[in-house]
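Some notes on the structure that comes next.
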Amino acid sequence: MSKPLSLFYAVVAVAFMFATAIAISHNGWLAVSLALLTLVWIGSGFIVRARLRRRSQQ
């Protein structure tokens, strides 16, 4: 994975975590939704990294 793409995934993940932290004090369902979105986003980063690595090895 290129450095700019890694940085993009990291910054967006931190933004989702920050939004989750704020949402905890306001709305429980929103906090749960943002936490799940954060986990999906981080997981998608691992998937993209694996696919790009597999593509570069061929």
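Structure data summary
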| quantity | calculated |
| --- | --- |
| Qualifying positions in segment 20-49 - of a type in the set (Ser, Thr, Tyr) and part of a helix (DSSP H, G or I) | 20, 33, 38, 44 |
| Every pair of residues 6+ apart whose Cβ atoms lie under 7 Å, when the first sits in segment 1-24 and is free of Cβ contacts under 8 Å to residues at least 12 places away in the same chain while the second is surrounded by 13 or more Cβ atoms within 10 Å (Cβ to Cβ) | 23/30; 23/31; 23/34; 24/31 |
| Filtered residues of segment 23-40 (kept if farther than 23 Å from residue 51 by Cα and exposed (fewer than 13 other Cβ atoms within 10 Å of the Cβ)) | 25, 26, 27, 28, 29 |
| Residue that is surrounded by 14 or more Cβ atoms within 10 Å (Cβ to Cβ), part of a helix (DSSP H, G or I), out of contact with any strand residue (DSSP E or B) (no Cβ under 7 Å at 6 or more places or on another chain) and not polar (S, T, N, Q), where the choices are 17, 1 | 17 |
| Every residue from segment 18-32 that is small (Gly, Ala, Ser) and in contact with a helix residue (DSSP H, G or I) (Cβ under 8 Å, 6 or more places away or on another chain) | 19, 23, 31 |
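Read-outs: derived from the displayed coordinates by stated rules, not from any lab. Computed from a predicted structure; not experimentally measured. Reconstructed Cβ throughout: ideal geometry from the backbone, glycine too, with neighbour counts over all protein chains shown.
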